[in-house]
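Colleague: Take this structure, written in structure tokens, and hold onto it; I'll ask about it next.
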Amino acid sequence: MLIVKNDNTGVAAAIEELERTYNIKLPDVYRRFLLKYNGGETLKTSVKESGKRTKEEIRCFYSINGEDNSFVQLSETGSLEEYLDRDLLPIAEDDYGNSFLLNLAKNSYGEVMFYDHEKQKTKAFSKSFTEFVSNAKSEIFRVSSIEERVARRLARGEEVTDELIEIWQEEIDSLKGIGEQEEVILD
């Protein structure tokens with residue numbers, strides 16, 4: 001799986017604070033993942049459900065600290081506490097508002113669950129965070145330049161308008177802040 005990791009400054013202290021505040025203990029492998037990557041964007045990534053052909057998309061993993069897609073943000077909306085009351089920790093999400101959850105309950109500690117927000121149902125998804133990551137596959141994400149897009153359309157005999165070029169430029173500009181993808185390696 002490829003990830004565009006977040007800044008990991010202050011992650012160790014933030015993990016300790018999260019565990020102390022909510023009286024939880026994160027699985028070691030997930031703790032190491034946070035320390036190394038602090039969550040991040042997982043562009044063009046899907047994950048296969050354990051023992052099934054079912055796949056779900058992963059848009060991002062939550063960071064322990066930060067402004068967007070973080071436990072801080074989840075806490076501000078109250079949803080972090082709602083999950084933790086059921087011994088579940090949201091760790092990632094897809095493009096449709098569904099969540100991947102780390103099970104913190106004693107009898108299924110460390111399993112990854114999938115929460116479908118439309119059906120309001122949670123189901124087992126992976127036996128562990130390690131299995132979850134190993135079942136996730138990414139495509140290399142690359143933004144095509146306007147010149148490349150124009151050439152492709154012209155090669156297909158399609159028209160290129162100023163409006164289309166403007167739309168492409170907006171998309172390219174919105175993706176400029178995305179950093180370099182790297183392979184997730186769990187120690």
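Colleague: Could you grab the relative contact order for the chain? Cα pairs under 8 Å, six or more apart, rounded to a whole percent.
Modeller: After rounding, I find 23 percent.
Colleague: Another question, if that's okay. Quick check: the distance between the Cα centres of the stretch 114-165 and the stretch 38-78, to the nearest angstrom?
Modeller: Taking the Cα centre of the stretch 38-78 as reference, the centre of the stretch 114-165 is 15 Å away.
Colleague: Which GluC sites (Glu not before Pro) does the stretch 40-89 hold that lie in a coil by DSSP with at most 16 other beta carbons within 10 Å?
Modeller: Glu67
Colleague: Kindly provide the chymotrypsin sites (Phe, Trp or Tyr not before Pro) of the stretch 68-123 that DSSP labels as loop, not H, G, I, E or B, and whose Cβ sees at most 15 other Cβ atoms within 10 Å.
Modeller: Details: sites: Phe71, Tyr83, Tyr96, Phe100, Tyr109, Phe114, Tyr115; in loops: Tyr96, Tyr109.
In loop regions of the stretch 68-123 (DSSP not H, G, I, E or B), the sparsely surrounded chymotrypsin sites (Phe, Trp or Tyr not before Pro) are Tyr96, Tyr109.
Colleague: Quick one: length gained pulling Ala105 to Asp173 fully straight, 0.36 nm per residue minus the C-alpha distance? Walk me through the numbers before you get to the answer.
Modeller: Numbers: separation 68, 0.36 × 68 = 24.48 nm, distance 4.29 nm.
Roughly 20.2 nm would be gained on extension.
Colleague: Just one of (1) 15.0; (2) 16.0; (3) 12.7 is mean projected area of the Cα convex hull in nm² as worked out from the coordinates here. Which one is it?
Modeller: Recomputing mean projected area of the Cα convex hull in nm² here picks out (3).
Colleague: In whole Hz and in residue order, list the ³J(HN,Hα) couplings for the stretch 41-56 that follow from phi through the Karplus curve 6.51 cos²θ - 1.76 cosθ + 1.60, θ = phi - 60°; x for Gly and Pro.
Modeller: Rounded to whole hertz, the list is 7, 10, 5, 6, 10, 10, 10, 8, 5, 3, x, 9, 8, 4, 10, 10.
Colleague: Which peptide among 159-168, 122-131, 30-39 comes first, and what is the full order, when sorted by highest mean count of other Cβ atoms within 10 Å?
Modeller: Answer by packing, highest mean first, reads 30-39, 122-131, 159-168.
Readers should treat all values here as calculations from the given coordinates under stated rules, not as data from a laboratory. Values in this document were obtained by computation on a predicted structure and should not be read as measured data. Ideal geometry is used to build each Cβ from the backbone, glycine not excepted, and the neighbour counts take in all protein chains shown.
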